[in-house]
Amino acid sequence: MTTHLSWGTPVDHLRRTRPDRAVLYLSPAVLHDTARRFTDGFPGLVTYAVKANPHEAVLANLLAAGITAFDVASPAEMQAVRRLAPGAVLHYNNPVRSPDEVALAAQIGVASASVDDTAELDKLAPLPKTTEIAVRLALPVPGAAYDFGAKFGAAPDQAVTLLQEVARRGHPPAICFHPGTQCADPEAWASYIRAAADVAARAGLRLARLNVGGGFAAHRAAAAPDLDAIFARIEAATRAAFGPATPALYCEPGRAMVAEAMTLATRIKAVRSGAVFLNDGIYGALAEARDIGAPARLRALSPCGTPRRGRPKPCVVFGPTCDSLDRLPGEVPLPEDLAPGDYVLFDGMGAYAACLATAFNGYGPTGPVTVGRVA
């Protein structure tokens with residue numbers, strides 16, 4: 001793991017080394033800044049959703065920035081955190097697990113787990129009674145790039161029964177939810193919070209805690225999401241909905257925590273009429289483009305690092321593999337003066353780019369290369 005700052009910016013590295021493979025760049029300073037923004041602004045405990053980027057350098061820098069709790073979805077993620085921080089708090093909020101996974105979670109010592117079904121609650125029997133069990137709530141709430149409730153979560157009536165059963169079995173009862181990925185609408189959280197308060201009231205229980213999930217949007221387009229407005233709405237909505245029974249809050253940001261700390265540099269392999277071929281694509285660090293659209297924060301440079309300033313021209317962008325499906329959706333505006341050998345940099349790529357990338361056809365990003373700043 002590299003922790004020293006070898007390069008000032010990605011452009012410094014590109015200019016000096018001229019890499020021919022795609023490269024991911026990590027700025028620990030930006031990661032620390034984002035972590036502080038969450039810990040200073042969110043009205044409760046901030047946990048990091050490891051799935052967004054489980055790289056050791058990312059986890060180590062978040063620990064150094066003061067993050068002490070982690071949302072883990074698998075034994076591999078539990079072990080990745082434990083290797084660096086034996087005393088870290090682990091929240092096991094993947095609501096579908098195998099018995100073997102639960103046994104390891106009990107051995108490792110998770111502080112919290114979530115459920116959305118009685119059969120899944122039965123699987124959690126090996127966990128000690130001190131383990132908090134959060135019922136995962138699902139609502140048809142708009143505002144996200146895609147809906148996590150399509151796979152996980154209990155409807156309110158089911159959640160009432162399940163919450164009562166959690167308490168009956170002797171676990172501290174809690175509620176969790178996830179408004180969906182890339183959610184920038186504060187009212188999505190407010191709707192869920194009101195529903196959670198109603199479920200708790202109908203169950204006749206006071207919640208130990210309320211997990212308001214992840215879903216916080218990363219900066220993918222022109223305007224950065226207003227995280228402070230979301231934090232304020234969460235706090236106000238919780239007090240209004242729960243009153244004197246207001247539970248302690250925690251959240252589990254993944255994407256918004258790490259996205260800004262990394263930049264992806266790709267190189268142009270070929271330029272044809274209306275099309276550009278990059279050395280990375282949907283089988284690599286740009287995998288998420290298939291589901292939530294191509295990243296819009298990009299810049300183009302000559303091999304010596306000079307910005308390309310030609311008029312933006314809509315282009316079809318292909319990746320490097322021999323699969324014709326390897327292309328970004330729609331058309332991407334790129335400078336008309338691009339040439340083979342130039343670099344196209346995508347900012348805000350710290351989330352999912354590295355962990356979803358494959359080595360199909362022998363391609364895939366290298367790194368991360370440590371830099372002082374990504375821009």
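Residues considered: Leu325, Leu338. Of these, the only one that is in the same structural domain as Ile268 (by TED's automatic domain parsing), over 16 Å from Asn279 (Cβ atoms), not small (Gly, Ala, Ser) and not in a strand (DSSP E or B) is Leu325. Return the residue satisfying two criteria in turn: it lies in the range 17-34 and is in a helix (DSSP H, G or I) and out of contact with any strand residue (DSSP E or B) (no Cβ under 8 Å at 6 or more places or on another chain), and of such residues it is surrounded by the most Cβ atoms within 10 Å (Cβ to Cβ). The qualifying residue surrounded by the most Cβ atoms within 10 Å (Cβ to Cβ) is Leu31. Going through the range 321-359 one residue at a time, which ones are free of Cβ contacts under 8 Å to residues at least 40 places away in the same chain and of a type outside the set (A, V, I, L, M, F, W, C)? Result: Ser324, Gly330, Glu331, Pro333, Pro335, Glu336, Asp337.
Quick one: which residue in Asp228, Asp198 is touching a Lys or Arg at 6+ places or on another chain (Cβ under 9 Å), surrounded by fewer than 17 Cβ atoms within 10 Å (Cβ to Cβ) and assigned to a helix (DSSP H, G or I)?
Result of the check over Asp228, Asp198: Asp228.
Look at Leu124 and say whether it is under 22 Å from Arg206 (Cβ atoms) and not small (Gly, Ala, Ser). Spelling it out, Leu124 is indeed under 22 Å from Arg206 (Cβ atoms) and not small (Gly, Ala, Ser). Can you run down the residue pairs with Cβ atoms below 8 Å, 6 or more apart or on separate chains, where the first is in the range 90-115 and of a type in the set (Asp, Glu) and the partner is crowded, with 17+ Cβ neighbours inside 10 Å and outside any strand (DSSP E or B)? Close Cβ pairs satisfying both conditions: Glu101/Ser74; Glu101/Pro75. Cβ separations smaller than 6 Å between residues 6+ apart or across chains give the following pairs from the range 180-203 residues that are of a type in the set (Val, Ile, Thr) to residues that are surrounded by fewer than 24 Cβ atoms within 10 Å (Cβ to Cβ) and assigned to a helix (DSSP H, G or I): Ile193/Ala237; Ile193/Ala241; Val199/Pro156; Val199/Val160. Here the condition is being assigned by TED's automatic domain parsing to the domain that holds Arg37, assigned to a loop (DSSP other than H, G, I, E, B) and not hydroxyl-bearing (Ser, Thr, Tyr); of Ala236, Ala221, Ala287, it holds for Ala221 alone.
The values are calculated or read from the model by the stated rules, or taken from the named source; none is laboratory data. A quick note: this is a predicted structure, and the numbers were derived from the prediction, not measured. We place every Cβ from the backbone using ideal geometry, glycine too, and count neighbours over all the protein chains shown.
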